[in-house]
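Presented below is the structure to which this report refers.
The values are calculated or read from the model by the stated rules, or taken from the named source; none is laboratory data. Nothing here was measured: the structure is a model prediction, and the numbers come from that model. Every residue, glycine as well, gets a Cβ built from its backbone with ideal geometry; the counts of neighbours run over all protein chains shown. Just so you know, the surface numbers come from the protein's heavy atoms only, side chains and all, with ligands and any DNA or RNA stripped out. Shrake-Rupley method; radii C 1.70, N 1.55, O 1.52, S 1.80 Å.
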2 protein chains.
Amino acid sequence: MKLSKMHLKTLREVPSEAELPSHVLLLRTGMIRKLVSGVYGFMPLGWRTLKKIEDIVRDEMDKTGAQEILMSAIQPSELWQESGRWFAYGPELWRLKDRHGREFCLGPTHEEIFTDIIRNDVSSYRQLPLNLYQIQTKYRDEARPRFGLMRSREFIMKDAYSFDRDQEGLDKSYQEMYEAYEKIFTRCGLTFRPVEADTGAIGGSNSHEFTAISEVGESEIAYCEHCHMAATTERAEVTDAAPQDDIEMLPLEKKLTPGTKTIEDVANFLELDKKQTIKALLFVKYDDEGNKDGYVAAFVRGDRELNEIKLVNALGIPEHAIEFADESEMSQATGCVGGFTGPMGLHDCTIVVDSELPGLKNMCAGACEEDHHYINMNYGRDYEGDIIADIKTLLEGDPCPVCGAPVKHARGIEVGQVFKLGTKYSEAMGAYYKDENQEEKPIVMGCYGIGVSRTMAAIVEQHHDENGIIWPMSVAPYHVIISLVKPGDETQAKVAEDIYEQLCAAGVEVMLDDRDERPGVKFKDADLLGIPVRITVGRGAADGVVEYKLRRDAEKEELPVAEAIAKAIEIVNSEK
Amino acid sequence: MKLSKMHLKTLREVPSEAELPSHVLLLRTGMIRKLVSGVYGFMPLGWRTLKKIEDIVRDEMDKTGAQEILMSAIQPSELWQESGRWFAYGPELWRLKDRHGREFCLGPTHEEIFTDIIRNDVSSYRQLPLNLYQIQTKYRDEARPRFGLMRSREFIMKDAYSFDRDQEGLDKSYQEMYEAYEKIFTRCGLTFRPVEADTGAIGGSNSHEFTAISEVGESEIAYCEHCHMAATTERAEVTDAAPQDDIEMLPLEKKLTPGTKTIEDVANFLELDKKQTIKALLFVKYDDEGNKDGYVAAFVRGDRELNEIKLVNALGIPEHAIEFADESEMSQATGCVGGFTGPMGLHDCTIVVDSELPGLKNMCAGACEEDHHYINMNYGRDYEGDIIADIKTLLEGDPCPVCGAPVKHARGIEVGQVFKLGTKYSEAMGAYYKDENQEEKPIVMGCYGIGVSRTMAAIVEQHHDENGIIWPMSVAPYHVIISLVKPGDETQAKVAEDIYEQLCAAGVEVMLDDRDERPGVKFKDADLLGIPVRITVGRGAADGVVEYKLRRDAEKEELPVAEAIAKAIEIVNSEK
């Protein structure tokens, strides 16, 4: 493509709303364009890269035998009511009505639709296993869309659904997808880590998130350098402190602790280790209609951090069904006292106790009375919980739940996630098959997503410098850019045109910058756009010499035209 | 692909909701699947055909130099308010709100979005001309979605937008698109006719509709076999009857015409030709908010048919802003009398008179009085219109407006439409460029749509028989199907496998029907699915002989394996 004919509008300025490098660079290169908050379009170069990512995804999916289909983006509410997710999905589900008042949503994911297909089409074990996928525009009405393609309201996703006879089949399907994902993200040039993850609103038993490592990512992962443990911090198991069975319970004592509203304060005031204290976190709960539906008090050891995802999982409710309570309001109903709440004296609320607390002796906790704490509080004797569960977060330096070595934390971008759904949807929606003995059994499902547009942003996060993007060859919008220094110079124009035609003929995707612009502008744009190979045709053209440079390297080479062409073809073919 | 591994569910029964052959066959082949009324998904084979149509469209668009992009499906209402279409588009525009209450629509077309891009990106004549296109899921909240992919609420469309300096540039862009469309529909195997069309809610001056000829189509076209005239009946010009300047006006006379509520009745009763009568049609008008906003009476010669599209164009309002009036209600306000309404005596309503009426003398029309008509009514002397315009329909047999020969009518499916928008959107939304003299001028636009999913249905309408679909090679989901008669027979299985591998190696797309089914089922499915070439591997396999048959032909041939393979490769390569 000749740039003089291409619609390309690069920006010199950093768009004010963009913070992340990927967001800034995708806007500055003109590859994406913002319509409104969280809604982007792909311009010619951006769309070329996006299609290349799609094609890598499609190729690896097809190799596993998965079959591509395309379901509607619009979904009737009835199916979501069958699965129980019409409420569970919360306000991120973008709802709408048709002209007759019938309710629909714009699909953020398609478990219901695919389950509906299968319950109609599949009746016998002979039709299984099966894996169907689609690459589709999806919707999530984010409260705070941000970071460009990273968290947008309309985005492109690949979602696949596997259907098996039993758990063993699912395990195999899951493993196939897991391996396909490793190939896909490797081909996209990403440094990534598959980590154990929470299943969230999708449900099911097991899940891995594929996380592209990046400081700016919104996923926090914990991993161990001594073993293979890697999980999102939302999901990572935490090893409970050893039960203190050999320590004797001391008599409960109430202490005056004026003004000690934080764990820090009370530990200092009473000269205790924070590990001897219990921290309270108070929540209000909402029902399906969005009405207040009681209170929750969660207790963890004073030096721990509460994990809200584990808490809602323990309560069996969706994430959006709780939020931090207004303490003064909660105080009247439950007897809690802001800054001095403990598990004793609380009433009319669900008490969730972290799994290690019952084993710990003689703890200090709020007395539900202004300026007072109890010391020597003991589980069973002094307080009890309605639910006991691991509700704490694995912090950096905590012992690895597998091998005990101190864990590390890292940030990353969730580019894919795989789930073992099991029979959650098939049982709720009646997707059964008959086995060899004509016995009806629920189909065992898995689901597998890739954020295609988000992957594009993640690639930019990992492949850029201060001058612009550095596309890996596999997803570069074009392989080679020819910067023609003086389009008015006949010799230069002819050499550039020759190189352009020879490269095109060899199947290389080439941009020819024949614009009537200063050379500095052309070089800046070439660097900004991140085309892997640049061939500069300038004064040397008269002697048959051009400049050859890879975007990722600092060095340039002066080469005879034929050699530059050969070298470009070689690197494109080996890396594309 | 082996059928034993493919998700394929064909139906023996005709689905009850389907009437059209394309709808029946696309459902019976399992190529599409209905989710709810007007919302369909594409299953593996259907999706393959759809992608092939997309690829043909993409290829021909790219050849013209048009650049592919992808804009969001979701569009903020603000842009539609700028263009004035937020109301004009009517209830087919599928509207929704986000969680903050902001209004959006699901795009049925993207003039606003593309104009918005261009007003931001283009400032100079040097950036023009430009043609941008996308292949995208679009939405239209149809009152009565029907006929499967033919009129659905979610569908796939290619829409392109051209941007030029002036009318001459637009004429060239329009012509390029027109020619690309001819190539696209030809490659898709369609018999079609480009016809002049109304511009409807899109607007602009000129338009052609590409109509795939089909008895079941919803478009009605008028064409002339003696010249090149072809237009939708909505749009086709009608030659006015010659003015009767030489006839003298007779004195107006009121006649008792008891019970003659139709033109037929009154013409018989008064022994007049219907051409001497005037027919009245009464409408109520609605404003932008959907409130009643006055009445309209339209008058045409008694033997003519009113053309509602021409009427709303004459009134300068959208199609959904009028509907037939409740006569008793309208009577009080305007003095009309059901069955006896004429242009005399009407008040408080907009009178639209067909363009030929002022030239016609001594006409008979209702007297706005029960059981009475006037005769010898003359325009100017006895009645006048607020608007005079061609508001009649070109009927079969009417003289061709170009050459005068009797016109023919045909039905067809609108698979594409091209529009000269001119400066409608650029002026409304402020998309200007500076010319060589730094003078600001509005960008001159065109827009060009193809109903990609509807094209799939149109192909089936034109290519099927009583046994199923007969796909043209270019859009067939697979080129060849190998029907393996006895998968349990080792020789047959080996021969089939060999053919399968040799064809795949030659780049042919092959289905191997290795299912454990009776041969009759396999043949029926092969015919139903419409795969262009069938190779049957049966008893002859032991002697190296197979049966070769084209879906479109009745004859079968017994051929040696190698010859059947060669023949298949040849026909696939020449037609794909």
Exercise for the section: Could you grab me the full set of residues in region B:33-63 that are of a type outside the set (S, T, N, Q), under 26 Å from A:Glu112 (Cβ atoms) and under 20 Å from the mean Cα position of the chain (by Cα)? Expected result: B:Gly38, B:Val39, B:Tyr40, B:Leu50
Practice task
Select from region A:127-141 the residues that are of a type outside the set (S, T, N, Q) and facing chain B (nearest Cβ under 8 Å) and write down the one among them that is farthest from A:Glu439 (Cα to Cα).
Solution key: A:Asp141
Handout entry: Top-ranked residue in region B:120-168 [being hydroxyl-bearing (Ser, Thr, Tyr) and either within 17 Å of B:Gly416 (Cα to Cα) or touching a helix residue (DSSP H, G or I) at 6+ places or on another chain (Cβ under 6 Å) (or both); ranked as most open to solvent (accessible area, probe 1.4 Å)]
Key = B:Thr137
Problem - Members of region B:179-229 that are under 15 Å from the mean Cα position of the chain (by Cα) and small (Gly, Ala, Ser) - result: B:Ala197, B:Gly200, B:Ala201, B:Ser207, B:Ala212, B:Ser214, B:Gly217, B:Ser219, B:Ala222
Completion exercise
Flagged in region B:1-23 as of a type in the set (A, V, I, L, M), open to solvent by less than 20 Å² (accessible area, probe 1.4 Å) and more than 14 Å from chain A (Cβ to nearest Cβ), in numbering order, are B:Ala18, B:Leu20
Handout entry: Identity of the residue in region A:58-87, open to solvent by 30 Å² or more (accessible area, probe 1.4 Å) and in contact (Cβ under 8 Å) with a residue 60 or more places away in the chain, that ends up farthest from the other protein chains (Cβ to nearest Cβ)
Key = A:Gly84
Problem - Candidates A:Arg144, A:Arg99 - the one that is of a type in the set (Lys, Arg), facing chain B (nearest Cβ under 8 Å) and free of Cβ contacts under 8 Å to residues at least 60 places away in the same chain - result: A:Arg99
Exercise for the section: State all residues of region B:288-308 that are surrounded by fewer than 19 Cβ atoms within 10 Å (Cβ to Cβ) and either of a type in the set (Lys, Arg) or outside any strand (DSSP E or B) (or both); if no residue qualifies, say none. Expected result: B:Asp288, B:Glu289, B:Gly290, B:Asn291, B:Lys292, B:Asp303, B:Glu305, B:Glu308
Practice task
Determine which member of the set B:Glu182, B:Glu176, B:Glu112 is closer than 28 Å to B:Pro21 by Cα and assigned by TED's automatic domain parsing to the domain that holds B:Trp47.
Solution key: B:Glu182
Fill in the blank from the handout: Filter region A:505-526 for residues that are assigned to a loop (DSSP other than H, G, I, E, B) and over 16 Å from A:Lys9 (Cα atoms); the one that is least open to solvent (accessible area, probe 1.4 Å) is A:Val508
Practice task
Test each condition in (1) out of contact with any helix residue (DSSP H, G or I) (no Cβ under 8 Å at 6 or more places or on another chain); (2) in the same structural domain as A:Thr115 (by TED's automatic domain parsing); (3) closer than 30 Å to A:Glu305 by Cβ for A:Phe419 and report the one that comes out false.
Solution key: (1)
Problem - Number of the exception - A:Val39 against (1) within 14 Å of chain B (Cβ to nearest Cβ); (2) farther than 21 Å from A:Gly416 by Cβ; (3) out of contact with any Lys or Arg (no Cβ under 6 Å at 6 or more places or on another chain) - result: (3)
Completion exercise
Over region A:527-560, the set of residues without any contact (Cβ under 8 Å) to a residue 60 or more places away in the chain, surrounded by 17 or more Cβ atoms within 10 Å (Cβ to Cβ), out of contact with any helix residue (DSSP H, G or I) (no Cβ under 6 Å at 6 or more places or on another chain) and small (Gly, Ala, Ser) is A:Gly538, A:Gly540
Handout entry: Flag for A:Asp246 being without any contact (Cβ under 8 Å) to a residue 24 or more places away in the chain, out of contact with any His (no Cβ under 9 Å at 6 or more places or on another chain) and surrounded by 14 or more Cβ atoms within 10 Å (Cβ to Cβ)
Key = no
Problem - Single match in B:Phe147, B:Phe185, B:Phe163 (criterion: more than 16 Å from B:Ala66 (Cα to Cα) and touching a strand residue (DSSP E or B) at 6+ places or on another chain (Cβ under 7 Å)) - result: B:Phe185
Completion exercise
Per the filter on region A:316-352, residues touching a helix residue (DSSP H, G or I) at 6+ places or on another chain (Cβ under 8 Å) and small (Gly, Ala, Ser) are A:Ala321, A:Gly338
Fill in the blank from the handout: B:Gln502 vs (1) without any contact (Cβ under 8 Å) to a residue 12 or more places away in the chain; (2) open to solvent by 60 Å² or more (accessible area, probe 1.4 Å); (3) over 17 Å from B:Val485 (Cα atoms): all pass except (1)
Handout entry: Residues satisfying the stated conditions in region B:351-361, i.e. in a strand (DSSP E or B) and aliphatic (A, V, I, L, M)
Key = B:Ile351, B:Val352, B:Val353
Completion exercise
Scanning region A:456-494 for residues that are under 15 Å from A:Met511 (Cβ atoms) and either in a helix (DSSP H, G or I) or charged (D, E, K, R) (or both) gives A:Met473
Practice task
Scan region A:424-443 and give yes if some residue there is assigned to a strand (DSSP E or B) and under 23 Å from A:Met157 (Cα atoms), otherwise no.
Solution key: no
Problem - Among the candidates A:Val352, A:Val312, residue that is of a type in the set (Val, Ile, Thr), in contact with a Phe, Trp or Tyr (Cβ under 8 Å, 6 or more places away or on another chain) and under 24 Å from A:Ala236 (Cβ atoms) - result: A:Val352
